[in-house]
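See structure below.
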Amino acid sequence: MSTNPSRQEPRRRGLKALKHDLVVLREGPFRSLFYARTVSMLGNGIAPIALAFAVLGRSHGGAYDLGMVLAARSIAQVVFLLYGGVLSDRLSRYRQMMISDLMAFVAQGSIAILFAVHTGSLVPIVALSAVNGAAAALFVPASRAVIPDVVAPERRQQATALLRLTRSMSNIGGAAAGGVLVVAFGSSAALGIDALSYLGSAILLLGLRGIAESNHSSSKPSFVRELREGWDEFRARSWVWIVVLQFSIINLCFTPSITVLGVIIARDRLGGAGAWSLVLSCQAAGLVIGGVVALRLRPRRPMSTAVRATLGFLPPFALLGFGAPLWTIALAMLVNGMCSDVFEVLWETTLQAHIPPGALARVSSYDALGSFVLGPVGLLLVGPVSGAIGTEATLLGAGSLILVATVLALCTPSVRRLPPIPDELPTSKESSCDML
């Protein structure tokens, strides 16, 4: 039987390109990081469903209770982010990631035990969620800044995209497993499995021992001075802080509206944990597709492309607000996942290209701080606001705020015109001429 050469040749080119993208996995330290993140993300895919239905399953559990638990984690993460960024630029990044994983293991395991014994008070759950948030604050800047230490510059986009891709694929399995575990064994068992994933990640990170870390030096300035230097690097680039401002609005609106109101809508109208598991699995599938796209994406203006991708955050608000069928909400979350991963890969790769390695963790911590700072506000307000004006009005209002923030970011010249690689990587803050 003959084959069509015109079809075989593109296939061979595609396989060759895929092998080129995966060659970064041959590097031992990155492979250890890759496996550690995969295990951790499998557990994290379970956590949103397990924690939400554990809180809502308590006597009189509702939007206010769930908002309080999620807000405690978010507030602690915001408070400790700058501290985590400074530590990442002066100490061992892989050890900091291990400590973070062990903290999260203890906190999440304790939460699972408390739900298993049916504690009557929400206070210890809120406190342990705050510990989990502090652990995340240590992990986020270290995990972003360690990539240049384990991967050559020409492979950083592939490495970043692969990490995002495995996160997305793990979230698919985790979200699907979360719904099954909650229905079959209960929320506390699902939370216990999430806790064990942190322990597995910490063990796998031992493979990063011996890497040459760019933040090591014989002397370190004071903590305050390092914070100031990181702030100077952050504010000197208007494209950085404008996109961070945009994401502060996205996190003010998206997580509270979708994570809190979406879960309640799923419980009351869509079919419960299984339905919400389907929605989150579709979002995770979209993340996988977005990660595959980001592997090969080489836009001439990466920030312009990245910000346009965030328009994919808008459809779930309208569909949930207007009572659309489950399949349309799942499809909207699929698109959301695709757009989210394209944004994240382009954003992290652009930061790695334009920010000096010795300041990358601190800039990343200011990025995360600015992006997350309004999240706790949204989580604390979503219950009272939705109770006062209704779920539909809350969702539509939140979506409108995101649309306005995205349009304003796209109107900024430094965002639209930023090239993928600077002519010369700066060793200190850029001139303020980059300002608007």
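Within the range 102-123, track down each residue that is open to solvent by 20 Å² or more (accessible area, probe 1.4 Å) and touching a Phe, Trp or Tyr at 6+ places or on another chain (Cβ under 6 Å).
F105 - this is the single residue of the range 102-123 that is open to solvent by 20 Å² or more (accessible area, probe 1.4 Å) and touching a Phe, Trp or Tyr at 6+ places or on another chain (Cβ under 6 Å).
Being open to solvent by 40 Å² or more (accessible area, probe 1.4 Å), at pLDDT 75 or above and within 30 Å of V407 (Cβ to Cβ), is that true of even one residue in the range 195-218?
No.
Any chance you could count how many residues in the range 115-152 are without any contact (Cβ under 8 Å) to a residue 24 or more places away in the chain and either on the phi > 0 side of the Ramachandran plot or in a helix (DSSP H, G or I) (or both)?
Of the residues in the range 115-152, 4 are without any contact (Cβ under 8 Å) to a residue 24 or more places away in the chain and either on the phi > 0 side of the Ramachandran plot or in a helix (DSSP H, G or I) (or both).
Could you look through the range 229-249, keep only residues that are surrounded by 23 or more Cβ atoms within 10 Å (Cβ to Cβ) and under 27 Å from S281 (Cα atoms), and pick out the one that is modelled with the lowest pLDDT?
In this case the residue turns out to be F247.
Of the conditions (1) surrounded by fewer than 21 Cβ atoms within 10 Å (Cβ to Cβ); (2) modelled with pLDDT of 85 or more, G274 clears all except one; give me its number.
Condition (2) is where G274 drops out.
Here is a list: G57, G173. Which entry is open to solvent by 30 Å² or more (accessible area, probe 1.4 Å), under 25 Å from G291 (Cβ atoms), small (G, A, S) and in contact (Cβ under 8 Å) with a residue 12 or more places away in the chain?
G173
When the range 48-73 is examined, which residues are found to be modelled with pLDDT under 80 and closer than 27 Å to A161 by Cα?
If the condition is that a residue be modelled with pLDDT under 80 and closer than 27 Å to A161 by Cα, then P48, I49 are the ones that fit.
So which residues in the range 251-271 are modelled with pLDDT of 85 or more and either over 17 Å from A393 (Cα atoms) or hydroxyl-bearing (S, T, Y) (or both), if there are any at all?
Within the range 251-271, N251 is the sole residue that qualifies.
Among the candidates V293, V307, which residue alone is open to solvent by less than 10 Å² (accessible area, probe 1.4 Å) and touching a residue at least 12 places away in the same chain (Cβ under 8 Å)?
Criteria check complete, one pass: V307.
Which helices (runs of 4 or more DSSP H) sit wholly inside the range 179-298 and have at least 3 residues that are of a type in the set (G, A, S)?
187-204, 273-296
The values are calculated or read from the model by the stated rules, or taken from the named source; none is laboratory data. Owing to the predicted nature of the structure, the values given are computational and were not obtained by experimental measurement. All Cβ positions, even for glycine, are placed from backbone atoms using ideal geometry, and neighbour counts span all protein chains on display. Calculation scope for accessible area: heavy atoms of the full protein, side chains included, ligands and nucleic acids excluded. Shrake-Rupley method; radii C 1.70, N 1.55, O 1.52, S 1.80 Å.
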